[in-house]
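Chemist: Take this structure, written in structure tokens, and hold onto it; I'll ask about it next.
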Amino acid sequence: MVDWIGLAIPFAYIGILVGSLSVFSSLYRKRKASKSASLAPWFGQHLQRDIYLTLLHQEPEAGSPKVSDGHLKAALLRRATEDIHRIVQIRNAKQALSTLLQRGSVGDDLWQRFQRAEKEIEEELRDVVSEANAFSPNWGQTIFQSASEMAQNAQIRTRITEIQGQASAEKEWWEKRKADISSGLMKELDEEKTTKPALASNPSSNSAKPAAAKIGSDDDAVLVDSPAGGPKGKNKKKGKH
Amino acid sequence: METSDTFTLLPLTLDPTTKAISSAIPASTALTEELTALNQLHRSLLSLEAPHTVPPPPLPVVPKRSAQITKLRESGNADFRKNRFPEAIRMYSVGIDMALARPGWEPSGLVREEVSALFANRAQAHMSLQQWVEGALDAESSVEMKKVGNAKAWWRRGKCLQEMGRVEEASEWVGQALEFEAAEADLLQLKKELDAQLVQKGR
């Protein structure tokens with residue numbers, strides 16, 4: 001006769017052990033997953049990398065042409081340029097972040113995210129270099145030089161467009177201003193007979209700039225000055241260029 | 001960014017005739033912009049000359065474009081000396097466009113140098129025509145490209161602002177300029193004039 005009760009005890013022991021272990025492990029895993037999910041990546045989606053890899057893995061379909069090497073090179077160069085932006089960001093952030101961490105101003109998880117981003121960007125650079133070398137030997141050595149020039153050139157162009165883009169607004173302002181000044185001068189001429197002091201204190205010269213208030217008399221002097229300003233600059237230029 | 005061995009597959013298609021890459025479905029603005037930039041870059045890569053299949057390293061520079069830009073500047077200067085200011089402005093503008101149209105992988109320092117000289121000269125030509133607004137903007141562009149050793153451009157914007165009656169702004173600008181070019185006599189003089197004007201206005 002089997003001793004059922006005596007046998008049940010070890011089985012129950014094993015059951016409880018396995019059960020508690022599995023509960024623990026599932027809880028632990030869940031917590032770990034939620035923790036790493038809460039650590040948002042440092043950078044957003046790397047669009048250029050996605051485009052490059054999409055093009056690289058494009059299946060040649062009937063009817064649609066094959067993606068040429070030129071496209072892939074362009075995409076790779078765009079990707080390298082974006083990497084340059086990211087490296088600059090990482091480098092700029094590193095010093096500040098480590099100081100903040102030492103002072104305890106930022107949490108540990110921010111630092112962890114940062115380090116992960118750093119590691120990712122290193123891997124990304126290695127990847128880009130090897131891809132570049134696959135296209136043309138030694139391109140890997142120069143692709144990031146080219147990319148960094150591209151980033152800076154793009155910046156130059158945006159700045160120039162920004163400044164030159166102000167032209168229409170500025171011109172409009174200046175036309176209004178000129179009209180104000182000339183109407184102010186006309187009024188002054190009219191009022192001259194009434195022997196008023198030649199200060200342009202009329203209300204019509206209230207323009208957008210505060211500097212406009214009393215400019216009438218100043219401008220007179222300046223306009224006389226301007227022909228002298230022209231030749232002076234001109235001479236200077238002849239000397240240098 | 002995802003891990004190193006995965007990526008997001010994007011719905012991209014290649015136009016058979018124009019060879020332009022576009023998104024198959026309506027895409028976000030970021031993706032559209034990126035694709036436009038990519039197609040532009042692709043076209044400029046196609047214009048690479050024979051021995052190069054990939055963008056060459058930034059240095060050495062191919063001297064052809066530099067020579068053309070220098071020539072444009074010289075002829076602009078010649079027009080300027082003969083007091084043909086609109087022609088000079090046109091020459092400088094063509095030069096600026098050409099300098100800015102350099103392929104992106106060529107040295108940005110060179111672009112800065114060329115563009116700042118051309119903008120400074122164009123500012124001067126605008127000033128001779130009493131076009132203060134354009135002069136001020138060109139001088140600002142020039143300074144933006146090259147802050148140190150560009151006293152003339154600093155001076156020109158200050159002068160333009162003064163002519164437009166923006167004395168406070170001009171004074172502030174020249175003050176900034178003196179941080180870079182403390183010994184420039186013209187700037188010091190302009191500063192003095194502006195300060196005198198400010199005092200006069202304050203009364």
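Chemist: If A:R49 passes every condition in (1) part of a loop (DSSP other than H, G, I, E, B); (2) in contact with a Lys or Arg (Cβ under 7 Å, 6 or more places away or on another chain) but one, which one does it miss?
Modeler: Every listed condition holds for A:R49 apart from (1).
Chemist: Quick check on my filter: what residues within segment B:147-161 are at negative phi and touching a Phe, Trp or Tyr at 6+ places or on another chain (Cβ under 9 Å)? Before the answer, list the steps.
Modeler: Start the filter on segment B:147-161 by keeping residues that are at negative phi, which leaves B:147-148, B:150-161.
Listed by number, the residues that qualify are B:K147, B:V148, B:N150, B:A151, B:A153, B:W154, B:R157, B:G158, B:K159, B:C160, B:L161.
Chemist: The conditions are (1) more than 17 Å from B:S44 (Cβ to Cβ); (2) modelled with pLDDT under 90, and A:E149 fails exactly one of them. Which is it?
Modeler: With (1) more than 17 Å from B:S44 (Cβ to Cβ); (2) modelled with pLDDT under 90 applied to A:E149, the lone miss is (1).
Chemist: Taking the condition in contact with a helix residue (DSSP H, G or I) (Cβ under 8 Å, 6 or more places away or on another chain), facing chain B (nearest Cβ under 10 Å) and β-branched (V, I, T), does A:I51 pass? Let's see the steps before the verdict.
Modeler: Values: in contact with a helix residue (DSSP H, G or I) (Cβ under 8 Å, 6 or more places away or on another chain): yes; facing chain B (nearest Cβ under 10 Å): yes; β-branched (V, I, T): yes.
Against the criterion (in contact with a helix residue (DSSP H, G or I) (Cβ under 8 Å, 6 or more places away or on another chain), facing chain B (nearest Cβ under 10 Å) and β-branched (V, I, T)), A:I51 qualifies.
Chemist: Residues that are acidic (D, E): list the helices (runs of 4 or more DSSP H) wholly contained in segment B:107-203 that include at least 2 such residues.
Modeler: Values: elements: B:108-128, B:132-145, B:151-163, B:167-180, B:185-202.
Correct list: B:108-128, B:132-145, B:167-180, B:185-202.
Chemist: Still on this structure: Restricting to segment B:135-169, what's the tally of residues that are acidic (D, E) and at the interface with chain A (Cβ under 7 Å from one of its Cβ atoms)?
Modeler: To start, the set of residues in segment B:135-169 that are acidic (D, E) comprises B:138, B:140, B:144, B:163, B:168-169.
Then drop every residue that is not at the interface with chain A (Cβ under 7 Å from one of its Cβ atoms), which leaves B:140, B:144, B:163, B:168.
Within segment B:135-169, residues that are acidic (D, E) and at the interface with chain A (Cβ under 7 Å from one of its Cβ atoms) number 4.
Chemist: Now a separate question. Take segment B:20-39 and flag every residue that is more than 7 Å from chain A (Cβ to nearest Cβ), at pLDDT 75 or above and surrounded by 14 or more Cβ atoms within 10 Å (Cβ to Cβ).
Modeler: B:A20, B:S22, B:S23, B:L35, B:N39
Chemist: Condition test on B:R73, is it in a loop (DSSP other than H, G, I, E, B), within 8 Å of chain A (Cβ to nearest Cβ) and crowded, with 18+ Cβ neighbours inside 10 Å?
Modeler: Values: in a loop (DSSP other than H, G, I, E, B): no; within 8 Å of chain A (Cβ to nearest Cβ): yes; crowded, with 18+ Cβ neighbours inside 10 Å: yes.
Considered against the rule, which asks whether it is in a loop (DSSP other than H, G, I, E, B), within 8 Å of chain A (Cβ to nearest Cβ) and crowded, with 18+ Cβ neighbours inside 10 Å, B:R73 comes out as no.
The values are calculated or read from the model by the stated rules, or taken from the named source; none is laboratory data. Note that the structure is predicted; figures quoted are calculated from it, not measured. Note that we place each Cβ from the backbone using ideal geometry, even for glycine, and neighbour counts take in every protein chain shown.
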